[in-house]
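What follows draws every value from the coordinates through simple rules; no lab data is involved. Computed from a predicted structure; not experimentally measured. Here the Cβ positions follow ideal geometry from the backbone for every residue, glycine too, while neighbour counts run over all protein chains shown.
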Amino acid sequence: GWLTTATILNTCFVLMDFGMRDVNNIFPNEETWGIIILWVAFLIYQTTVEVFKNPLFGAVFSWAITAIYVDASGKGTLKNLEANALVIDAIHTLSLFLYAAYFAYEKWGLEEESYGLFYTINEVYFNLEAFGIEGEDEESE
């Protein structure tokens, strides 16, 4: 989660160095770029939480988006960024709780899946078929 956030942040710094902070060029202004990047980051985190069944990964984005919202609301000049950050934060935080509840239900209710936040490393290792990888049998040890 932290590595993803750092990568997105550093990509923003590179884009700013390429001139995307200039309002007089062909690109949108910084606030618009910020909103676009926040929505793309939201999609990245939502997809990763779903694929790897790990809502704790997405909790890092909740922390980051909350910090962005607090910072934007303190400035008073970034109203669009502030509004988008609040919407993204609300949707993402709610979805993390729903994902956690669903993944817990999968673990203790359905028992069809074999990887994710609620599984031990041994359960994952011996059920690698979920990832299309042949694992060792427990009896072979």
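For residue 53, a cut-off of 30 angstrom between C-alpha atoms picks up these lysines, skipping any fewer than 8 places away in its own chain: 107. The alpha carbon radius of gyration of segment 42-95, expressed as a multiple of 2.2 N^0.38 Å, is 1.18.
Hey, with R₀ at 22 Å, roughly what FRET efficiency would residue 104 and residue 3 work out to, going by the Cβ-Cβ distance, to 0.05? Walk me through the intermediate numbers first.
Details: r = 26 Å, r/R0 = 1.17.
Between residue 104 and residue 3 the formula returns 0.30.
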